[in-house]
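Data first, discussion second: the structure below is written as structure tokens.
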Amino acid sequence: MASRWWRWRRGCSWRPAARNPGPGSRRHAGPPGPRAAPDPLAQMPCFSLVKSLTSAFPNVYTVSRFHHMTPAVCCCSKTQSGEKYTDPFKLGWRDLKGLYEDIRKELLISTTELKEMSEYYFDGKGKAFRPIIVVLMARACNIHHNNSRDMQASQRSIALIAEMIHTASLVHDDVIDDASSRRGKHTVNKIWGEKKAVLAGDLILSAASIALARIGNTTVISILTQVIEDLVRGEFLQLGSKENENERFAHYLEKTFKKTASLIANSCKAVSVLGCPDPMVHEIAYQYGKNVGIAFQLIDDVLDFTSCSDQMGKPTSADLKLGLATGPVLFACQQFPEMNAMIMRRFSLPGDVDRARQYVLQSDGVQQTTYLAQRYCHEAVREISKLRPSPERDALIQLSEIVLTRDK
């Protein structure tokens, strides 16, 4: 295991450590940044990449040779529990029939225009990635606890609430980013304007809050309200940037957790709380969701450079145009230090976006980010494998590979 650790050297440069370093071995580190405030990322067991990036985070895993030494997390013809392979999405949809109809029922709106705006993205054309994970996790935890094959109504409600919170955040994000397209069609703000789009997002969020209160479990309410706080804090993190190169990756991963992974992690934890009293199971569910969520966003950031607009359903190179330095850019910066100036001015000068994109494609930034996502998925598999074997548990394992291999 020790041979898998890598050091943080020469600023943000990723370099391999010597094999089996002793406890007193000398570490090479870049200039320490200010101590980070406590956050969920600092609680990652075994996989402490985030901790390595500031003085509060001392260790780091490799991201440059994962393809040589990371055990494969691929799906195969049979699951680990020995049952015949089942598509995770088909398995999850058994509990999600009528998902979007049920969400629209939660949006009890009399005003025609507001109703049309609020229901705009609930057209069944999204991936429903979050609800699928939630219902699979619910069943996996129920089976682990008492071998129950039943899905509680409150657990299914968490799947709806997660999709509603996610969609509300998309509506608000599109306003902040002045986005014109999503999922292959015009955004709410493009059609109805920014002011009305903000209100539509607020209304979806309020409907999700009412549905959450109706579950009547204060622990679950506390877990999911944390998501809303994280979404706001994550957006604030995205609006800022770090001058210190050593802090940029920590900043990026913290933002990624709060904006993307927190919803998945806490939704998984919520259904585990509803189905099982064991805190260890709650932590397994949370860790799985967190690691898969971070990997999902890392791959999303890769696809911004490798996929075309038609595949993604939204413009590519969008992050660069918004002035955002994502994983591929931060890794590319190590090979092309001249990118530092562009990062600090948020790619605002004419030609910055095109030059930065070329630097990324000439570097191994895309490959490095993909390897990092693979590592997070490997950790997710390690966590969920602690549960009792079941088709749903194995579907969650298979889902981690789908995260890595998706092209949109």
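The values are calculated or read from the model by the stated rules, or taken from the named source; none is laboratory data. On a predicted model such as this, the values are computed, not experimentally measured, just so you know. Glycine also receives a Cβ, built like all others from the backbone with ideal geometry; neighbour counts cover every protein chain displayed. SASA here: full protein model, heavy atoms, side chains in, ligands and nucleic acids out. Shrake-Rupley method; radii C 1.70, N 1.55, O 1.52, S 1.80 Å.
Annotations for the structure displayed:
- Counted by Cβ distance under 14 Å from Glu106, the other residues give a net charge of +1, where Lys and Arg count +1 and Asp and Glu count -1.
- Compared with the direct C-alpha span, the chain from Glu116 to Asp354 gains 81.9 nm at full extension, assuming 0.36 nm per residue.
- Segment Arg94-Asp407, length gained on full extension (0.36 nm per residue, minus Cα span): 110.2 nm
- Sequence ranges 337-345, 126-134, ranked by mean other-Cβ count within 10 angstrom, highest first: 126-134, 337-345
- Which of Lys195, Lys255 is most accessible, then next, and so on - probe 1.4 Å: Lys195, Lys255
- Accessible area (Å², per residue) of region 103-146, counting only protein heavy atoms and a probe of 1.4 Å: 42 Å²
- Computed from backbone phi, the HN-Hα couplings of region 294-306 come to 5, 4, 4, 6, 4, 5, 4, 5, 5, 5, 4, 9, 10 Hz, rounded to whole numbers (Karplus: 6.51 cos²θ - 1.76 cosθ + 1.60, θ = phi - 60°; Gly and Pro given as x).
- Positive minus negative residues near Arg248 (Lys, Arg vs Asp, Glu; Cβ under 13 Å): -1
- Accessible area of region 255-408 belonging to carbon and sulfur atoms, whole % at 1.4 Å probe: 53 percent
- On a per residue basis, region 284-408 carries 33 Å² of accessible surface, using protein heavy atoms and a 1.4 Å probe.
- Residues whose amide H comes within less than 5 Å of that of Ser181, counting only those at least five positions distant or on another chain, are Thr187 (H built at 1.01 Å from N in the peptide plane).
- Using the Cβ-Cβ distance between Leu322 and His145 with R0 set to 45 Å, the FRET efficiency works out to roughly 0.55.
- Taken along the Cα-to-beta-carbon direction at a fixed 7 Å, the label points for Glu101 and Arg183 span 1.8 nm.
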